[in-house]
1. Taking into account only those residues within segment 130-144 that are touching a helix residue (DSSP H, G or I) at 6+ places or on another chain (Cβ under 9 Å) and farther than 13 Å from residue 274 by Cβ, which is modelled with the highest pLDDT?
2. Can you tell me which residue is surrounded by the most Cβ atoms within 10 Å (Cβ to Cβ) among those in segment 112-129 that are at pLDDT 80 or above and in contact with a helix residue (DSSP H, G or I) (Cβ under 6 Å, 6 or more places away or on another chain)?
3. Name every residue in segment 258-285 that is surrounded by fewer than 19 Cβ atoms within 10 Å (Cβ to Cβ) and modelled with pLDDT of 80 or more, in order of residue number.
4. Taking segment 163-194 as the search range and keeping residues that are modelled with pLDDT of 95 or more and surrounded by fewer than 16 Cβ atoms within 10 Å (Cβ to Cβ), which one is farthest from residue 46 (Cα to Cα)?
5. Which residue out of 43, 7, 39, 63 is more than 24 Å from residue 153 (Cβ to Cβ) and at pLDDT below 90?
6. Would you mind stating whether residue 93 is under 16 Å from the mean Cα position of the chain (by Cα), within 16 Å of residue 219 (Cα to Cα), in contact (Cβ under 8 Å) with a residue 24 or more places away in the chain and buried (at least 16 other Cβ atoms within 10 Å of the Cβ)?
7. Give me a count of the residues in segment 200-213 that are part of a helix (DSSP H, G or I) and in contact (Cβ under 8 Å) with a residue 40 or more places away in the chain.
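The values are calculated or read from the model by the stated rules, or taken from the named source; none is laboratory data. In this text, all values refer to a predicted model and were calculated from it rather than measured experimentally. We place every Cβ from the backbone using ideal geometry, glycine too, and count neighbours over all the protein chains shown.
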């Protein structure tokens, strides 16, 4: 039963990558990004006002850090993914997103004093090759000639933003209840994304896009984070993080079923290399440069 929590979270997030792809053309990126967090904020507020007031003495000194976390993890990450969705496939997005744990590990080595391991180095090389295979559609010559697809490039930046978010979360160790911290970041996203929403063209709510907004809000923004928090409590952060490796596989399967996206050989090869790199980095813990 304890494994149901991380599996549920990963399944919802994989589905949200497909939802993000489905939103392209049905609703403008700035719209769904703003509606998603606005609705989540409205639904959270009746339950979270008292906890926020109760913990205000701990919140006030950390408002700047909370703002940065909200901008990186909620506003930049998901907004860039919505813009990327119109220019790349959900399968590509899922494979690129699977780089996040490795990016977080690299930042932990650079910023948190974590020692460089042989697995981290080998895993970085494997995963980089895997992503290059995917973004080049299996032809490095084409990549050299035309460069990275804009959608894939935006997804790489989005993944980097979320990796930085995860690193800062570990570095700062804010002593706030997880739900309070999540709620505050949702409010930050609403405030930060409003100017972009106000300035962008709008389709408005329609029978076609309302279900997409509801999925992104209710499941991806509320249920999945709660399930992930429960997984961390029950399994610990290290064991829970391993389930993130299932994200590209689940995304590819859902995209194939729902969007009829074709799985090419370069997806399989690139995905396997990327996933293999993450697994190697987590399992091969020999520290480099350690004195005998």
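1. Pass one, segment 130-144, residues touching a helix residue (DSSP H, G or I) at 6+ places or on another chain (Cβ under 9 Å): 130-140, 143.
Of the ones still in play, those that are also farther than 13 Å from residue 274 by Cβ are 136-140, 143.
Values: 136: 77, 137: 71, 138: 72, 139: 73, 140: 69, 143: 63.
Among those that are touching a helix residue (DSSP H, G or I) at 6+ places or on another chain (Cβ under 9 Å) and farther than 13 Å from residue 274 by Cβ, it is 136.
2. Residue satisfying both the conditions and the ranking: 126.
3. Correct list: 258, 259, 260, 265, 268, 269, 272, 276.
4. 194
5. Numbers: 43 fails: at pLDDT below 90; 39 fails: at pLDDT below 90; 63 fails: at pLDDT below 90.
From the options 43, 7, 39, 63, the qualifying one is 7.
6. Numbers: under 16 Å from the mean Cα position of the chain (by Cα): yes; within 16 Å of residue 219 (Cα to Cα): no; in contact (Cβ under 8 Å) with a residue 24 or more places away in the chain: yes; buried (at least 16 other Cβ atoms within 10 Å of the Cβ): yes.
No, not satisfied.
7. Quick first cut of segment 200-213, residues part of a helix (DSSP H, G or I) only: 210-213.
Add one more test, that the residue is in contact (Cβ under 8 Å) with a residue 40 or more places away in the chain, and what stays is 212-213.
Residues flagged as part of a helix (DSSP H, G or I) and in contact (Cβ under 8 Å) with a residue 40 or more places away in the chain within segment 200-213 amount to 2.
For every residue, the table says whether it meets (1) crowded, with 19+ Cβ neighbours inside 10 Å; (2) within 17 Å of the chain's Cα centre (by Cα); (3) touching a residue at least 24 places away in the same chain (Cβ under 8 Å); (4) within 23 Å of residue 163 (Cα to Cα).
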| residue | (1), (2), (3), (4) |
| --- | --- |
| 12 | yes, yes, yes, yes |
| 21 | yes, yes, yes, yes |
| 27 | yes, no, yes, no |
| 33 | yes, yes, yes, yes |
| 46 | no, no, no, no |
| 80 | yes, yes, yes, yes |
| 89 | yes, yes, yes, yes |
